[in-house]
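The values are calculated or read from the model by the stated rules, or taken from the named source; none is laboratory data. Keep in mind that what you see is a predicted model, and the values were worked out from it rather than measured. Here Cβ is always computed from backbone atoms with ideal geometry, including for glycine, and neighbour counts include all displayed protein chains. Ligands, DNA and RNA are stripped out before the accessible areas are found, and what is left, the full protein with its side chains, is counted by its heavy atoms. Shrake-Rupley method; radii C 1.70, N 1.55, O 1.52, S 1.80 Å.
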Amino acid sequence: TIKYSETSYIADIYTEEKGLRSYIISGVRKKKSTVSQGLLQVMSLVDLVAYERKEKDLNRIKEIRSAYIFQEIPFSIYKSAVGLFMIELCSKSVKEAGVNAKLFEYLFNSFQFLDQTPHSISRIPLVFMAELSVFLGFQPGENYGKATPFFDLKEGIYTNVPSQASLFLDENLSEKFFRLMQSSLSLSHELELSKKDRKILLEKLIAYYQLHVEGLKSINAHKILEEVLE
């Protein structure tokens with residue numbers, strides 16, 4: 001969100017029916033506003049009714065309410081750090097304005113899962129990045145094997161001849177990256193990855209995104225993850 005006029009906000013919201021949209025939410029900063037500013041916190045999951053005009057990039061929200069109230073994310077530095085990483089990644093890589101109901105469902109469910117899971121969350125950023133790449137159209141190839149033990153970040157496939165060292169994963173990390181791609185958020189806690197491996201894989205995945213998402217700037221929230229996640 002950004003402040004707009006004396007009492008309002010403009011909010012970027014990824015919606016089920018319209019994709020990525022920007023909305024004016026009027027009067028929300030008034031003392032007697034009927035809309036809680038808490039609804040507009042980063043990561044909030046909401047239901048809304050909006051006045052939509054095709055010719056306008058900026059529309060107004062008529063009604064907005066919570067679709068799911070987080071129970072743990074606001075009170076856990078660990079889950080908050082993971083959630084902030086996820087939302088920064090989304091805000092810099094999800095650009096489409098068109099409808100993508102499957103992507104919407106995945107994002108909505110991912111934040112719910114982060115809030116609800118009782119298991120370790122240290123692998124969630126990695127699995128989230130891997131799964132999100134499928135929706136964004138640059139899913140890594142699945143041709144890993146003895147004959148193709150190196151993952152090529154630029155081409156998105158496994159190969160037998162590494163060329164530029166900075167654009168390849170070594171054999172050990174390539175094997176772990178392949179296992180990562182076979183996992184899911186609900187099973188992420190079962191992945192056997194050391195803190196060092198997670199750090200390197202996260203950096204390589206960010207590089208992978210930067211190679212495949214046009215104009216993607218640096219991701220900063222992962223630095224917080226390194227501080228708080230064991």
request  = Test MET86 against the stated conditions and say whether it is aliphatic (A, V, I, L, M), open to solvent by less than 70 Å² (accessible area, probe 1.4 Å) and part of a loop (DSSP other than H, G, I, E, B).
outcome  = no
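Quick grid of which residues meet (1) closer than 24 Å to GLY83 by Cβ; (2) surrounded by fewer than 19 Cβ atoms within 10 Å (Cβ to Cβ); (3) β-branched (Val, Ile, Thr):
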position	(1), (2), (3)
LEU132	yes, no, no
PHE151	no, no, no
LYS154	no, yes, no
VAL161	no, yes, yes
LEU180	yes, no, no
SER184	yes, yes, no
HIS212	yes, yes, no
LEU216	yes, yes, no
ILE219	yes, no, yes
query = Would the range 142-164 turn up any residue that is at pLDDT below 95, farther than 18 Å from SER93 by Cα, among the basic types (Lys, Arg) and under 18 Å from the mean Cα position of the chain (by Cα)?
reply = no
remark   = Condition set open to solvent by 40 Å² or more (accessible area, probe 1.4 Å) and in a strand (DSSP E or B), scope the range 15-47, selection nearest to LEU58 (Cα to Cα): answer is ARG21
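Which ones in the range 136-167 are of a type in the set (Phe, Trp, Tyr) and without any contact (Cβ under 8 Å) to a residue 24 or more places away in the chain? Quick ask: steps written out before the conclusion?
Kept after step one, since they are of a type in the set (Phe, Trp, Tyr), are these residues of the range 136-167: 138, 144, 150-151, 158.
The answer is TYR158, and nothing else.
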